[in-house]
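Bear in mind these aren't lab numbers, they're just calculated from the coordinates by the rules spelled out. Please read these numbers as outputs of a predicted model, since none were measured by experiment. Cβ: placed from backbone, ideal geometry, glycine included. Neighbour counts: every protein chain shown.
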Amino acid sequence: MDNPQQSLKSYKDSSLNTYPIKVSHMTQTDIGRLKVAIARLDLPGNVFIYTTGSDGKFEKANRKESPAELIILCDSHSKKLVEARVNKLVKSNLIPMDNRIEWIDPSKNSLRKCTITDTVAPSRFLHNLPLSGSEEQLDELTLHFVDEIQKMPQAERRRFRNKFVVEHTQQMKKAISGKETHEVDLAQGVLSYSGMGRKAAKYSLLRPIQYTLDLALVDAIRTKQRPQKEYVTILRNMPRQVPDQIDYMYKLGLLPNLSKTDVGDLKQAYTLGLFYFQTAQHLVSSMEGSPVQFPIPDKEELAKAYADTVRILEKM
């Protein structure tokens, strides 16, 4: 390839507006295969399985770099049987799956926390993508989640905000100021990715947007201004992809301080960050896992995306 920067620019310019749709189709194809495989496990009817994260957001483009997570709700009596069958599926490598399965006993564990890390992480259920279970189960779980969020102590809300929103917003500001350049160097227009270490624009652009939106949802639920079942409907109807989620929340009045221009700029920033993050993932995969550092063709465009994002998130 004589001019990789120009090739990347041509690809970005021709596909950016439809990029989330393409990634959504890729995610849904893999998840469809996983659902069929889980259905064949013949699990007890009280078991509910979902995934989350980029699969839940329909934005998984590289499974080698980002395996699917499994979160399994079942009681202690069913766990041994379910564990044996699910572990066999994970080892089959139908699609890459994280071998750290999260187990939730509905009688003991909270949906607002990650049982693996014991961290307050409501985002995990907010972006659940069911793999096994009924609509009735999901309705009941969502209602239970809403009730949990409304009863969540202020200290837990503060821990979630500090660990996820504040921490990643600080990373974004450091990238903008040039204090941190190991993942994103906006002045030079260079991105770095190394798999488990450097993650290009993931932590300093995508994460601040994701978690600020999630905190806005949590805070809306905690106001109790609507009946619980209405919040269930809001969560059940929420679009999966983040740009669509931004539109959805804006139309519901959950982003009252943002203008239509802000909404458009935030969606554009997210899409651009996702494009470059996943480009970095693909480059690492093509290099058999070796870290990559690459120049981007429009550094001013990415710098504007960061500046727009910090300006908009400060309003929320």
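Calculate one ³J(HN,Hα) per residue across the range 196-203 by plugging θ = phi - 60° into the Karplus curve 6.51 cos²θ - 1.76 cosθ + 1.60, and present them in order as whole Hz with x for glycine and proline.
Karplus-based 3J(HN,Hα) across the range 196-203 equals 7, x, 5, 10, 6, 8, 4, 7 Hz.
What shape does the range 15-138 take by its C-alpha gyration tensor, where a ≥ b ≥ c are the square roots of the eigenvalues and a/c under 1.5 counts as rounded, a/b above b/c as prolate, and the rest as oblate? List each step's numbers first, then the result.
Details: a/c = 1.84, a/b = 1.43, b/c = 1.29.
It comes out prolate by the Cα gyration axes.
May I ask for the angle, rounded to the nearest 10°, between helix 228-237 and the longest principal axis of the chain, with both axes built from Cα atoms and the value confined to 0 to 90°?
Long axis of 228-237 versus the principal axis of the chain: about 50 degrees.
Can you give me the long-range amide H partners of residue 131? Hydrogens built in the peptide plane at 1.01 Å from N, cutoff under 5 Å, separation of 5 or more residues or another chain.
Correct list: 49, 50, 51.
If neighbour count is taken as other Cβ atoms inside 10 Å, put 294, 275 in order from fewest to most.
Details: 294 17, 275 22.
By the 10 Å Cβ count, ascending, the order reads 294, 275.
Where in the range 147-189 are there trypsin sites (Lys or Arg not before Pro) that are in a DSSP coil and have at most 14 other Cβ atoms within 10 angstrom of their Cβ? Don't jump to the answer; show the numbers that get you there.
Values: sites: 151, 157, 158, 159, 161, 163, 173, 174, 179; in loops: 179.
Sites meeting the loop and neighbour criteria: 179.
By the scheme Lys and Arg +1, Asp and Glu -1, what is the net charge of all other residues having a beta-carbon under 14 Å from that of residue 261? If you can, show how the numbers build up before the last one.
Numbers: positive: 260, 267, 304, 311, 315; negative: 247, 262, 265, 308.
Charge balance near residue 261 sits at +1.
Within the P(r) computed for the chain, what percentage of the Cα pairs occupies the region above 30 Å?
On the way: 17532 of 49770 pairs.
So the pairs more than 30 Å apart make up 35 percent of the total in the chain.
Would you pull out the residues with amide H under 5 Å of residue 104's amide H, same chain only if 5 or more places away, H placed 1.01 Å from N?
Under 5 Å from the amide H of residue 104 lie the amide H atoms of 72, 73, 74, each far enough along the sequence or on another chain.
Given only helices, namely DSSP H runs of n ≥ 4 each adding -39500 (n - 2.57), what is the per-residue ellipticity at 222 nm of the chain, to the nearest 500 deg cm²/dmol? Provide the component values of the computation, followed by the final result.
Numbers: 13 runs with 172 residues, N = 316.
About -17500 deg cm²/dmol.
Highest first, please rank the peptides 11-19, 297-305 by the mean number of other Cβ atoms sitting within 10 Å of their residues. All intermediate terms of the calculation are to be shown ahead of the outcome.
On the way: 11-19: 13.3, 297-305: 17.0.
Result, highest mean first: 297-305, 11-19.
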